[in-house]
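The structure appears below as structure tokens.
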Amino acid sequence: MATTIGLIRHGVTEWNTLSKAQGISDIPLNEEGIAQATALAKRLSSEEWDVIFSSNLTRARQTAEIIQQCLGVPVFTDERIREINCGLIEGTTEEERITRWGANWREQNLGMEDFKVVAKRGLTFLEKLIKEYVDKRILVISHGAWIGLSLQHLLPQHFQKTYIDNTSITILTHTNKKWACQLYNCTKHL
């Protein structure tokens, strides 16, 4: 028996286009993000999926709702799969961070959630899914850092660094107590 999980990053927002750190700021999709989610929904409509879990942030929920309209499966929101809390850097660009806190801003305590804490949230959530949805196909609509950090800790031999594109899909399978990645950061639908 294999449980399949499709990890999807939400569509583009205005802050994405402006290169602003979003974190837990509740920013909606822009027109491009809606179009991306619609294209992904069309791609997924030819596949069988059982359930969708979404971050409770608007950009992920909107993406999930667009996909749900094509698939007709239930959507559940869960704050455990929301984006990393970026603390004081939320709403700022790299240039603004350097101006405010200097080039070494990453080394300062600016209230950002620890990467290990984000990864633990991710792994705990995925482990819960494979126990509660054995042999099911589950979509998880989340965020770039959450997905990337979860992958790095789940399959460190494959993912020492990750970059997750908006509305990309990464497919994981869990069989015989082992995880495998079948597809990574796929955006062919765009």
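The values are calculated or read from the model by the stated rules, or taken from the named source; none is laboratory data. Given the structure is predicted, the values throughout are model-derived calculations rather than measurements. Every residue, glycine among them, receives a Cβ derived from its backbone with ideal geometry; neighbour counts consider all protein chains shown.
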Taking only pairs six or more apart or across chains, which ones have beta-carbon atoms under 6 Å, a first residue in the range 15-39 that is in contact (Cβ under 8 Å) with a residue 24 or more places away in the chain and surrounded by fewer than 19 Cβ atoms within 10 Å (Cβ to Cβ), and a second residue that is outside any loop (DSSP other than H, G, I, E, B) and among the hydrophobic types (A, V, I, L, M, F, W, C)?
38/66
At least 2 residues that are out of contact with any Cys (no Cβ under 8 Å at 6 or more places or on another chain), in contact (Cβ under 8 Å) with a residue 12 or more places away in the chain and within 19 Å of residue 169 (Cα to Cα) in each: list the helices (runs of 4 or more DSSP H) lying fully within the range 83-155 that qualify.
115-132, 144-154
Answer yes or no as to whether residue 184 is part of a strand (DSSP E or B), of a type in the set (Phe, Trp, Tyr) and either surrounded by fewer than 17 Cβ atoms within 10 Å (Cβ to Cβ) or touching a strand residue (DSSP E or B) at 6+ places or on another chain (Cβ under 8 Å) (or both).
yes
Of the residues 63, 124, 99, which is touching a Lys or Arg at 6+ places or on another chain (Cβ under 8 Å) and at pLDDT 95 or above?
124
Only one of 80, 121, 106, 100 is exposed (fewer than 14 other Cβ atoms within 10 Å of the Cβ) and either in contact with a Ser or Thr (Cβ under 9 Å, 6 or more places away or on another chain) or acidic (Asp, Glu) (or both). Can you tell me which?
100
